[in-house]
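J.: Structure provided below as structure tokens; questions to follow.
The values are calculated or read from the model by the stated rules, or taken from the named source; none is laboratory data. This one's a predicted model, so the numbers in the text were calculated from it and none came from an experiment. No Cβ is skipped: glycine too gets one built from the backbone with ideal geometry, and neighbour counts run over all protein chains shown. Note: areas computed on protein heavy atoms with side chains; ligands, DNA, RNA excluded. Shrake-Rupley method; radii C 1.70, N 1.55, O 1.52, S 1.80 Å.
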Amino acid sequence: MFVASLYNLKGGVGKTASCVNFAYMAAKDGYKTLLWDLDPQGAASFYYKAQPKEKGAAKKLIEHSMTIDEAIMGTDYDGLDIIPADLSARKLDLLLDDKHSKKQLRNLLKGLEHDYDFVFIDCPPGFSHLADNIFYASDAVLMPVIPTTLSVRTYDIVKSYFEEKTGELEKLMCFFTMVDIRKNMHKDVMAQLYKDKRFFEYYVPYLSDIERMGIKNAPVEAFAPSSFAATCYRALWNEIKEGVLE
Ligand SMILES: Nc1ncnc2c1ncn2[C@@H]1O[C@H](COP(=O)(O)OP(=O)(O)OP(=O)(O)O)[C@@H](O)[C@H]1O
Ligand SMILES: [Mg+2]
């Protein structure tokens, strides 16, 4: 089982869009796949039309009054399951802090080791105990980056955090999203950051078909399989898959 979290300290950079599309494509490739929505905004759950079975599921999971199996639901797609987010996920940080351990999420996932090939975690933005738990549980932390000056600053902060606090910089793997290749700033920032060797070559441009996921309630390859958006996400996913499974 390979655990990949979609993370950035920054909000609104394409974490959820990427998580939803990668999970769909992994399942389509024949991997048994689980998407765990850990963001109380519940956007990934919304794209998959998934509502939690019980109120307070995230809290109950951490408190062990519910098992992870009980929280899992099917989606409209073969081979793809989801743990939808609920509002109690907003308390995860406090609940995890109470127990002073960054190992709790990994321990919960251990029970699924033989059930899934890929687990994708959609993270809320920010540094928190939840983020520390997610980093520890993840084999790869996939970070979407919009190529702007401010994003370079955020990237440097996250990179230092991985170097100094977790000591697992090799887990941090990045890719560019919402790219407008006509903009010199985007081209310059990409050229600068590619030198760092933490970025995948393929990237996701700014495309309206990706915004339409919210109208279609589906991953882009499901409703527009021959679109440029689907082609870009597919190329990037193939590169990531090869990169992480090598
Ligand atoms: N490549 C893209 N092209 C155009 N629009 C995009 C692209 N990626 C994401 N979007 C849109 O940008 C908005 C933010 O994307 P998304 O929700 O994936 O970001 P996020 O990092 O998960 O945000 P948050 O930090 O709030 O969880 C959404 O409306 C989404 O549809
Ligand atoms: Mg999100």
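J.: Does region 80-87 contain at least one residue that is away from ligand 2 (no atom under 16 Å from the Cβ) and modelled with pLDDT of 95 or more?
T.: Yes, because at least one residue in region 80-87 is away from ligand 2 (no atom under 16 Å from the Cβ) and modelled with pLDDT of 95 or more.
J.: Where in region 108-192 are the strands (runs of 3 or more DSSP E), entirely inside, with at least 3 residues that are aliphatic (A, V, I, L, M) and buried (at least 21 other Cβ atoms within 10 Å of the Cβ)? Before the answer, list the steps.
T.: Details: elements: 118-122, 140-145, 172-176.
Once the strands (runs of 3 or more DSSP E) in region 108-192 are filtered for at least 3 residues that are aliphatic (A, V, I, L, M) and buried (at least 21 other Cβ atoms within 10 Å of the Cβ), what remains is 140-145.
J.: Cβ-Cβ below 6 Å, separation at least six or inter-chain, first residue in region 117-133 and under 20 Å from Glu163 (Cβ atoms), second more than 16 Å from ligand 2 (Cβ to nearest atom) and open to solvent by less than 40 Å² (accessible area, probe 1.4 Å): which pairs?
T.: His129/Leu96; Asn133/Leu96; Asn133/Gln104; Asn133/Leu105
J.: Give region 52-79 a look and list any residue that's under 18 Å from Lys216 (Cβ atoms), open to solvent by 40 Å² or more (accessible area, probe 1.4 Å) and of a type outside the set (Phe, Trp, Tyr), or say none. Can you show your working first?
T.: Here is the first cut: in region 52-79, the residues under 18 Å from Lys216 (Cβ atoms) are 75-77.
Now restrict to residues that are open to solvent by 40 Å² or more (accessible area, probe 1.4 Å): 76-77.
If the condition is that a residue be under 18 Å from Lys216 (Cβ atoms), open to solvent by 40 Å² or more (accessible area, probe 1.4 Å) and of a type outside the set (Phe, Trp, Tyr), then Asp76 is the only one that fits.
J.: Taking the residues in region 16-35 that are among the aromatic types (Phe, Trp, Tyr) and open to solvent by 10 Å² or more (accessible area, probe 1.4 Å) as candidates, determine which candidate is farthest from Ala218 (Cα to Cα). Walk me through it before giving the result.
T.: Filtering region 16-35 for residues among the aromatic types (Phe, Trp, Tyr) gives 22, 24, 31.
From what's left, open to solvent by 10 Å² or more (accessible area, probe 1.4 Å): 24, 31.
On the way: Tyr24: 9, Tyr31: 19 Å.
Only one residue tops the list, namely Tyr31.
J.: Criterion first (within 16 Å of ligand 1 (Cβ to nearest atom), among the basic types (Lys, Arg), part of a loop (DSSP other than H, G, I, E, B) and surrounded by 15 or more Cβ atoms within 10 Å (Cβ to Cβ)) does Lys10 satisfy it?
T.: For Lys10, the condition - within 16 Å of ligand 1 (Cβ to nearest atom), among the basic types (Lys, Arg), part of a loop (DSSP other than H, G, I, E, B) and surrounded by 15 or more Cβ atoms within 10 Å (Cβ to Cβ) - is met.
J.: Within region 95-103, is even one residue in contact with a His (Cβ under 8 Å, 6 or more places away or on another chain), assigned to a helix (DSSP H, G or I) and open to solvent by 10 Å² or more (accessible area, probe 1.4 Å)?
T.: Yes, that holds for at least one residue.
J.: Within region 174-193, which residues are touching a Lys or Arg at 6+ places or on another chain (Cβ under 8 Å) and farther than 16 Å from Asp156 by Cβ?
T.: Passing the criteria: only Ile181.
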